[in-house]
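A short worksheet on the structure shown next.
The values are calculated or read from the model by the stated rules, or taken from the named source; none is laboratory data. Just so you know, these numbers come straight off a predicted model, no measurement behind them. A quick note on method: Cβ atoms are made from the backbone with ideal geometry, for glycine too, and the neighbour counts reach across all protein chains shown.
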Amino acid sequence: MVSKLFDETEIARRVEELAREIAVAVAGDFAIVGLLTGSFVFVADLIRVLDRAGLAPRIEFMKLSSYGHGKESSGAPRLIGGAPEDVAGRRFLLVDDIVDTGRTLDYAKSLLAGKGAARVWTCALVDKPSRRKIDFAADFVGFTVDDVFIVGYGIDYAENYRHLPYIGIID
Ligand code: 5GP
Ligand code: MG
């Protein structure tokens with residue numbers, strides 16, 4: 001059963017605010033790198049608000065190893081597809097659905113930094129600080145939640161629920 005946590009209106013309002021924050025902090029030329037698959041709806045909404053704020057980021061995606069079909073992370077993330085080309089000297093905003101242990105965004109950030117990115121900011125729609133396993137803080141966070149497993153708005157459980165327009169807790 002899925003119980004609603006953030007409805008469509010709350011998400012739209014928060015994404016709007018977040019995009020305005022990003023527009024101020026990351027002004028200028030940059031590329032968004034969304035982490036597949038969970039961030040695809042968030043990225044799609046975010047870029048349209050960024051456009052209204054006058055920003056024109058390039059949009060790319062990369063895929064890291066994921067949760068598989070369970071609710072627990074499989075440990076060390078690794079790249080399984082779509083690393084951006086021509087990273088050196090460019091500025092990036094990494095976007096993921098959730099920061100949980102922190103390992104995924106931290107790994108993605110060091111990957112881009114290791115290829116010579118000029119600057120890498122990180123953004124997650126949902127943060128679960130109580131689950132952190134490493135010292136990591138995203139630069140932009142939409143919502144903070146406790147230790148709950150969420151779905152919807154692009155976020156899945158065993159590939160289901162991505163279509164939900166809201167974010168809910170599954171039990
Ligand atoms: P981290 O590497 O920070 O532990 O995990 C981040 C990744 O774990 C996210 O990209 C997301 O795919 C997945 N994840 C973390 N918490 C949840 C959750 O509550 N629901 C779902 N579906 N995935 C989660
Ligand atoms: Mg993910």
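If only one of 137, 124 is surrounded by 18 or more Cβ atoms within 10 Å (Cβ to Cβ), within 12 Å of ligand 1 (Cβ to nearest atom) and without any contact (Cβ under 8 Å) to a residue 40 or more places away in the chain, which one is it?
On the way: 137 fails: surrounded by 18 or more Cβ atoms within 10 Å (Cβ to Cβ).
The match here is 124.
Report whether or not residue 80 is more than 28 Å from residue 12 (Cα to Cα) and part of a strand (DSSP E or B).
yes
Considering every residue within region 24-35, establish whether at least one is away from ligand 1 (no atom under 16 Å from the Cβ), assigned to a helix (DSSP H, G or I), on the phi < 0 side of the Ramachandran plot and not basic (Lys, Arg). Within region 24-35 (the criterion being away from ligand 1 (no atom under 16 Å from the Cβ), assigned to a helix (DSSP H, G or I), on the phi < 0 side of the Ramachandran plot and not basic (Lys, Arg)), the answer is yes, since at least one residue qualifies.
No other residue among 91, 162 is over 17 Å from residue 40 (Cβ atoms) and either away from ligand 2 (no atom under 15 Å from the Cβ) or of a type in the set (D, E, K, R) (or both) apart from 91. I need the full set of residues from region 140-171 which are part of a loop (DSSP other than H, G, I, E, B) and either at positive phi or under 11 Å from the mean Cα position of the chain (by Cα) (or both), in order please. Those that are part of a loop (DSSP other than H, G, I, E, B) and either at positive phi or under 11 Å from the mean Cα position of the chain (by Cα) (or both): 153, 154, 158, 159, 161.
If you go through region 147-156 one residue at a time, do you hit one that is more than 15 Å from ligand 2 (Cβ to nearest atom), in contact with a strand residue (DSSP E or B) (Cβ under 8 Å, 6 or more places away or on another chain) and modelled with pLDDT of 95 or more?
At the first step, the residues of region 147-156 found to be more than 15 Å from ligand 2 (Cβ to nearest atom) are 147-148.
Cutting the leftovers down to in contact with a strand residue (DSSP E or B) (Cβ under 8 Å, 6 or more places away or on another chain) gives us 148.
Within this subset, residues satisfying the condition of being modelled with pLDDT of 95 or more are 148.
Scanning region 147-156, I find at least one residue that is more than 15 Å from ligand 2 (Cβ to nearest atom), in contact with a strand residue (DSSP E or B) (Cβ under 8 Å, 6 or more places away or on another chain) and modelled with pLDDT of 95 or more, so the answer is yes.
The lone criterion from (1) of a type in the set (Gly, Ala, Ser); (2) exposed (fewer than 13 other Cβ atoms within 10 Å of the Cβ); (3) under 19 Å from residue 124 (Cβ atoms) left unmet by residue 3 is number (3). Those residues that are assigned to a strand (DSSP E or B), among the charged types (D, E, K, R) and over 11 Å from the mean Cα position of the chain (by Cα), I need them from region 86-133; list them, please. The answer is 91, 119. Within the option set 6, 42, being more than 16 Å from ligand 2 (Cβ to nearest atom), in contact with a helix residue (DSSP H, G or I) (Cβ under 8 Å, 6 or more places away or on another chain), under 19 Å from residue 149 (Cβ atoms) and touching a residue at least 24 places away in the same chain (Cβ under 8 Å) holds for one residue only, 6.
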